[in-house]
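This report refers to the structure that appears directly beneath it.
All of the numbers you see were taken from the coordinates with simple rules; none came from a lab. It should be emphasised that the depicted structure is a prediction, and the values quoted were computed from it without experimental measurement. Positions of Cβ are generated from backbone atoms using ideal geometry, with glycine treated the same way; all protein chains shown enter the neighbour counts.
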Amino acid sequence: MRITFQPSGGRGEYELSDYAPNGLMPSDLLELSVRLLIGEFVLDTGVKLTKAQGKYRLRRVYSQGAYPQVQIQLANLLLMPHPIREEPQMGGGELVLQNSSYIIKNIQFGNVVYTPETSFFTAEVLTVECKNQTIEAEQVATLKRMADIEKIWKQRSAFPPDIASLLSQHEEYVKATLPIPQAATTLVQQLQNHMERYSSEIEIPYTATTDVVPALLSALGEILEEMPTSLDQIEPEQMELRFRERKKWQIWASRRGAASVRFRKEVRTAYQQRCVMCGNRFPATKCNDKPGIDAAHILPWAVYDLDKIYNGVTLCKLHHWAFDEGILLIVSRGGKYYIELSEAAKNNLREPEFSIDYLQQVVGEIPRRYLPAKTTDWPDSNLLERRNAEFANQPLSSSPLS
Ligand SMILES: [Zn+2]
């Protein structure tokens, strides 16, 4: 049994369809209100099942106060961006939950229970399926999502006070076992706004209107196990989306706990703590705990090659930035390696306020002595090529070059 979106003229309607594993049919549940069950959390939506023109529709009962529709209450419970109901207004070119112009397509139930003489039925929610113009169906697994939200609630004191207090209010709404009020929509939006400011402070990529849960988890360092969407699954023309997912891969690859620490150490050792672009060496010393040289992945989304030295290079802080932003590229040709200025940088970074000349100093062949002793540890030309191809299609509006 599920609640399903039916386009009907301008605004879509939500209907109850199919039957439950125990054989209950929508007709058995008529005039009862819907309670949703996610793990141990019960949401009494206050929304009733009614029948009109042969359809089992979910209607708000105004006499009991204006509760939001079921899908809105559920979205707010799960801290999802505000969904819409108008199909023509659906957005595209983005993952679902990356902006507000998505539609909740299905709310899939597991067990559905009804006890005679009560005025409600209880439905266990398994997944919430969402769509936009680009993506036909994205499943949100509700149990996993609630577990993530509980983790965030528990650690809310790690966040600035305005975020912490919104999280606390959200927990109260969810645990009240009452309909989630309209005010919760504002709460989610405020959380998104505060998180945008906070994320720029702690350098986590996040923009308000997008899904706030991964950003909150990421801030807590809890997202390590979750891989971003594979670039192979995103159409080449979706440049903005590819760009964002690529950034996520960079962060994901650099934060995988012990595996990542080992990779960084091995790469730095192979390169003798030397920046492959400028040749400067900044190892850790008695004066500095941290080396001034980073190990960067060439292709963070090449999961199979992730921890191989040939998928890494060492870079000083400045050149790491220029490499990550795609301003300076490493190119392999005829067994030699070259630093090149990207086409976009050549064409767009001529303004006097940008010190392109300084970056340009390292352009040219990489001296043999900057590379690891073992040639099998040298940057893999195939990985370099794939990386450079990805950067060649960078959308200028999202790049620092605009
Ligand atoms: Zn350097």
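Here are the numbers:
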| item | result |
| --- | --- |
| Cα convex hull of the chain - mean projected area over all directions, nm² | 23.8 |
| Neighbour net charge for Glu390 - beta-carbon separation under 9 angstrom, K R +1, D E -1 | +4 |
| Environment charge of Leu24, counting only residues whose C-beta is closer than 15 Å and scoring Lys/Arg +1, Asp/Glu -1 | -2 |
| Set of lysines with alpha-carbon distance to Lys151 below 23 Å, sequence-local pairs under 8 removed | Lys175, Lys248 |
| Pairwise centroid distance, computed over Cα atoms, of segment 151-218 with segment 303-318, Å | 34 |
| Loop GluC sites (Glu not before Pro), segment 165-210, which have at most 10 other Cβ atoms in a 10 Å radius of their Cβ (DSSP) | Glu203 |
| Global form of segment 83-212, assessed from the alpha-carbon gyration tensor, a/c cut-off 1.5 | oblate |
| Around Asp232: net Lys/Arg minus Asp/Glu count, Cβ-Cβ under 13 Å | 0 |
| Folded to 0 to 90 degrees: helix 183-201 orientation relative to the chain principal axis, Cα | 10 |
